[in-house]
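Worksheet: one structure, shown below.
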Ligand SMILES: Cc1ncc(COP(=O)(O)O)c(C=O)c1O
């Protein structure tokens, strides 16, 4: 077993030293929730959306969030590797109670576990995969990303037993989602996916695809899809954070259209890959943090611009010394340029300083 570093309840440990009690409610009852968050070259993909879903899942099982969003970022960051694509597995359970009892225990801290694994590109991507359909036998809160996954596991295993990659779940005659994925179908040229609600997990990949479809003028709809309508589908895809967008080319031993990945999938997959790349580039920085950084601002001469600039900078870097500030008048003396040397900790911090400086009416330019 790979002995990578993982996070458990405030500590970073080698995986084989990370242990939880057999009385943990995750172990006894599956009483917990989880998230899976991709990280491309160290850049977390739609992190805030994943944290929002984590908050929704916690609210769904009436468990308080043990950390703020900033704390989650701090917990996860040391586990990331910039050289590979990874996914973070983050699990929160209702903790260790002194006795086994279905009802919630009082004053028990949650168990928090986080680990990172490499994303292995999905082998069947360009050929497409086979799927089966099954009656959805899961519970009524499929919008909660609960660790209680027995229903999903049995569905997925049934697919695997039949040499298929995924089981497409059907409820009351309508297509719902995959055992571990959301589902899309191209019907009459429109990219369709079932609407959000208690029946499906609101996939982050699903939302990104819908957003990209709208921005790229690909007709799309979020509507109930009768299972029978799949007979007319020219394409079916399943989507998830770790597998991204996978074309289904055979369903219940029948070819989907001509049995090869279709043109809308080809287009969307390219758009999706380009979008991922653009996010990485937009977050890329040529600095290695922490580093010394000159913050520069310019305004009209004749006012105490140095005091204003240092006050704004101190909102983000409280320990800046007065002697870190220099000021220089322009040639004609009409303007003054202020430079503050700071110890910058992240690009986000620099962006926030820049934002506050440019928002102030007396600052004409900030660099
Ligand atoms: C049941 C189910 N639906 C949908 C998804 C896709 O969600 P996401 O795109 O956020 O990974 C998953 C992911 O594991 C899932 O388990």
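Nothing in this text is a laboratory measurement; each read-out follows from the coordinates by a stated rule. These figures come from a predicted structure and were not determined experimentally. Note: ideal-geometry Cβ built from the backbone for every residue, glycine included; neighbour counts use all protein chains shown.
So for the pair residue 228, residue 125, with labels modelled 7 Å out along Cα→Cβ, what separation do we get in nm?
With each label point 7 Å from Cα toward Cβ, the separation is 3.8 nm.
Rounded, prolate or oblate for the stretch 216-276? Axes are the square roots of the Cα gyration tensor eigenvalues, ordered a ≥ b ≥ c, and the cut-off for rounded is a/c under 1.5.
Prolate is the answer for the stretch 216-276, as a/c is 1.5 or above and a/b outweighs b/c.
In what order do 238, 249 fall by count of nearby beta-carbon atoms within 10 Å, going from fewest to most?
If I rank by nearby Cβ atoms, fewest first, I get 249, 238.
Report D for the chain in µm² per second (integer): Stokes-Einstein, Kirkwood Rh on Cα pairs, 37 °C, 0.692 mPa s.
For the chosen part, D equals 139 µm²/s.
Spin-label point model (7 Å from Cα, Cβ direction): what's the residue 172 to residue 211 distance in nm?
A separation of 3.1 nm, rounded to one decimal place.
Can you give the angle from 0 to 90° between the axis of helix 347-359 and the longest principal axis of the chain, with both taken from C-alpha atoms, to the nearest 10?
60
Any idea what diffusion coefficient the stretch 129-283 gets from Stokes-Einstein, in µm²/s, Kirkwood Rh on alpha carbon pairs, 10 °C, 1.306 mPa s?
So the translational diffusion coefficient is about 101 µm²/s.
How high is the FRET efficiency from residue 70 to residue 161, r the C-beta distance, R0 41 Å, rounded to 0.05?
Efficiency computed from Cβ-Cβ geometry: 0.40.
Classify the stretch 27-97: rounded, prolate or oblate, from the alpha-carbon gyration tensor (a ≥ b ≥ c, eigenvalue square roots; a/c under 1.5 rounded; otherwise prolate if a/b is larger than b/c)?
Prolate shape, in that a/c is at least 1.5 and a/b is the bigger ratio.
Normalised by the residues of the stretch 248-367, what does the relative contact order come to in percent, with Cα pairs under 8 Å and at least six apart?
Reported as a whole number, the value is 28 percent.
Between 0 and 90 degrees, rounded to the nearest ten: what's the tilt of helix 305-314 against the longest Cα principal axis of the chain?
30
Given R₀ = 22 Å, FRET efficiency for residue 362-residue 282 by Cβ-Cβ distance, to 0.05?
After rounding to 0.05, the efficiency reads 0.15.
Using only helices, what value at 222 nm comes out for the chain when you add -39,500 (n - 2.57) per DSSP H run of length 4 or more and divide by the total residues, to the nearest 500 deg cm²/dmol?
One gets -8000 deg cm²/dmol as the mean residue ellipticity at 222 nm.
Relative contact order, percent, of the stretch 129-283 when contacts are C-alpha pairs under 8 Å separated by at least 6 residues?
Averaging sequence separation for qualifying contacts and normalising by length gives 24 percent for the stretch 129-283.
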